[in-house]
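Novice: Below: one structure in structure tokens.
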Amino acid sequence: MNNLAYAIVQIIHSSFFILHFSFKKYMFYRKIEEQDIPQITELYNWYILNGVESFETEPLTVERMRRRMEDISRRFPYYVAVDEEGRVAGYCYAHLWKERAAYANTFETTIYLRPEAKRRGAGTALMRLLISDCRRLGCRELIACITGCNEASIAFHRKLGFRQVSRFRSVGYKHGLWLDVVDMELVL
């Protein structure tokens, strides 16, 4: 991250943009907008069909993703990273970890990046925005539920200060594989 420069520009109603410059390319970080939903749907569906990061097995429609986004972003932080060509390179958001009232200050995090956007700082910038907003909202704990074989995501979250607190063995089945789930927490 030390080769990167950030410019924070305050805009209307405490929303903000961050420009991230690196090697003559830039990434733009902002709160999600309606126009992002088709690209987010495409990105998420790629993971549903080709990976084990999501335990969903059927692609979502744009309308279904729109309803999810509206429900989540109405109450919780939801960010996108947009590249210099206007393409959504990734997104992240927080939501309640569990629905019971006593868990109200514990959020779960979700992040997805296009494969070509990985290891370029976009994920770290998105998560730092998310963590900051969660602190501001009074969140006490962040939980990341990660497929056990996703070592890159586990290492990424560890770098952000998360620590592994559980491992559930063979709790998901997708693409002919039994999959573990690792829970990691970040105490805010």
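The values are calculated or read from the model by the stated rules, or taken from the named source; none is laboratory data. This is a predicted model, so every value here is computed, not measured. Heads up, the Cβs are rebuilt from the backbone with ideal geometry, glycines too, and the neighbour counts pull from every protein chain shown. Ligands, DNA and RNA are excluded from the accessible area calculation, which covers all protein heavy atoms including side chains. Shrake-Rupley method; radii C 1.70, N 1.55, O 1.52, S 1.80 Å.
Novice: Rolling a 1.4 Å sphere over the protein heavy atoms, what is the accessible area per residue of the chain, to the nearest Å²? Intermediate results must be reported in sequence, preceding the final value.
Specialist: Working: 10670 Å² over 188 residues.
Per residue, the chain has 57 Å² of solvent-accessible surface.
Novice: Got a sec to turn the phi values of the stretch 161-170 into Karplus ³J(HN,Hα) couplings, 6.51 cos²θ - 1.76 cosθ + 1.60 with θ = phi - 60°, whole Hz, x for Gly and Pro?
Specialist: x, 6, 10, 6, 10, 7, 9, 9, 8, 6
Novice: OK, next. Here are labelled values, (1) 98, 32, 30; (2) 44, 36, 35; (3) 123, 52, 20, and one is the computed Cα extents along the principal axes in Å for what I pasted. Which one?
Specialist: Matching entry in (1) 98, 32, 30; (2) 44, 36, 35; (3) 123, 52, 20: (2).
Novice: Further question: Using r as the Cβ-Cβ distance of residue 46 and residue 102, and R0 as 30 Å, what FRET efficiency do you calculate, to the nearest 0.05?
Specialist: Details: r = 36 Å, r/R0 = 1.20.
Computed FRET efficiency for residue 46 and residue 102 comes out at 0.25.
Novice: Can you sort 64, 128 by 1.4 Å-probe accessible area, starting with the largest?
Specialist: Working: 64 100, 128 130 Å².
Heavy-atom accessible area, descending, gives 128, 64.
Novice: What percentage of the solvent-accessible surface of the stretch 77-119, computed with a 1.4 Å probe over protein heavy atoms, is contributed by carbon and sulfur atoms? Before the final figure, lay out each step's value.
Specialist: Details: 960 of 2150 Å².
Roughly 45 percent, rounded to a whole number.
Novice: Return, ordered by residue number, the residues of the stretch 145-180 whose backbone nitrogen is under 18 Å from a label point located 7 Å along Cα→Cβ of residue 58.
Specialist: 173-175
Novice: While we're looking at this one, here's another question. If contacts are Cα pairs under 8 angstrom and at least 6 residues apart, what is the relative contact order of the stretch 97-188 in percent?
Specialist: Numbers: 119 pairs, mean separation 26.2, N = 92.
About 28 percent, as a whole number.
Novice: Which shape class applies to the stretch 103-188: rounded if a/c is under 1.5, otherwise prolate when a/b exceeds b/c and oblate if not, where a ≥ b ≥ c are the square roots of the Cα gyration tensor eigenvalues? Walk me through the numbers on the way to the answer.
Specialist: Numbers: a/c = 2.20, a/b = 1.28, b/c = 1.72.
Oblate, because a/c is 1.5 or more while a/b does not exceed b/c.
Novice: Measure off 7 Å from each Cα along the Cα-to-Cβ vector at residue 33 and residue 118, then give the distance between these two points in nanometres to one decimal.
Specialist: Reported label-point gap for residue 33 and residue 118 is 2.9 nm.
Novice: Can you give the relative contact order of the chain as a percent, counting alpha carbon pairs under 8 Å and 6+ residues apart? Walk me through the numbers on the way to the answer.
Specialist: Values: 319 pairs, mean separation 29.1, N = 188.
This gives 15 percent for the chain.
Novice: Taking R0 as 25 Å, what FRET efficiency do you get between residue 151 and residue 171 from their Cβ-Cβ distance, rounded to the nearest 0.05?
Specialist: Details: r = 18 Å, r/R0 = 0.71.
In this case the efficiency is close to 0.90.
Novice: Moving to a separate point now. Express in nm, to one decimal, how much length is gained between residue 187 and residue 87 on full extension, taking 0.36 nm for each residue of separation and deducting their alpha carbon distance. It would help to have the intermediate numbers written out before the result.
Specialist: Values: separation 100, 0.36 × 100 = 36.00 nm, distance 3.27 nm.
The residue 187-residue 87 span can extend by a further 32.7 nm.
Novice: Could you derive backbone 3J(HN,Hα) for the stretch 89-98 from the dihedral phi with the Karplus parameters 6.51, -1.76 and 1.60 (θ = phi - 60°), listing whole Hz in sequence and x where the residue is Gly or Pro?
Specialist: Residue by residue, the stretch 89-98 yields 8, x, 8, 8, 7, 10, 7, 4, 6, 9 Hz.
Novice: Based on DSSP H runs of at least 4 residues, each adding -39500 (n - 2.57), what is the mean residue ellipticity at 222 nm of the chain after dividing by all its residues, to the nearest 500 deg cm²/dmol?
Specialist: One gets -8500 deg cm²/dmol as the mean residue ellipticity at 222 nm.
Novice: Please list, ordered by chain and number, the residues whose modelled amide H lies under 5 Å from the amide H of residue 149; skip anything fewer than 5 residues away on the same chain.
Specialist: 180
Novice: Check cross-link reach from residue 31 to the lysines: straight Cα distance under 28 Å, and skip same-chain residues fewer than eight apart.
Specialist: 98, 118, 159
Novice: Looking only at 175, 157, 95, which one moves most when the chain is put into a Gaussian network model with springs between Cα atoms under 10 Å?
Specialist: Evaluated over the chain, the most mobile residue of the options is 175.
Novice: Let me ask something additional. Take every Cα pair under 8 Å in the stretch 56-139 that's 6+ residues apart, average their separations, divide by the length, and report that relative contact order as a whole percent.
Specialist: Numbers: 96 pairs, mean separation 21.5, N = 84.
Relative contact order for the stretch 56-139 comes out at 26 percent.
Novice: Using a 1.4 angstrom probe and counting only protein chains, how large is the accessible area of residue 84 in Å², to 10?
Specialist: 70 Å²
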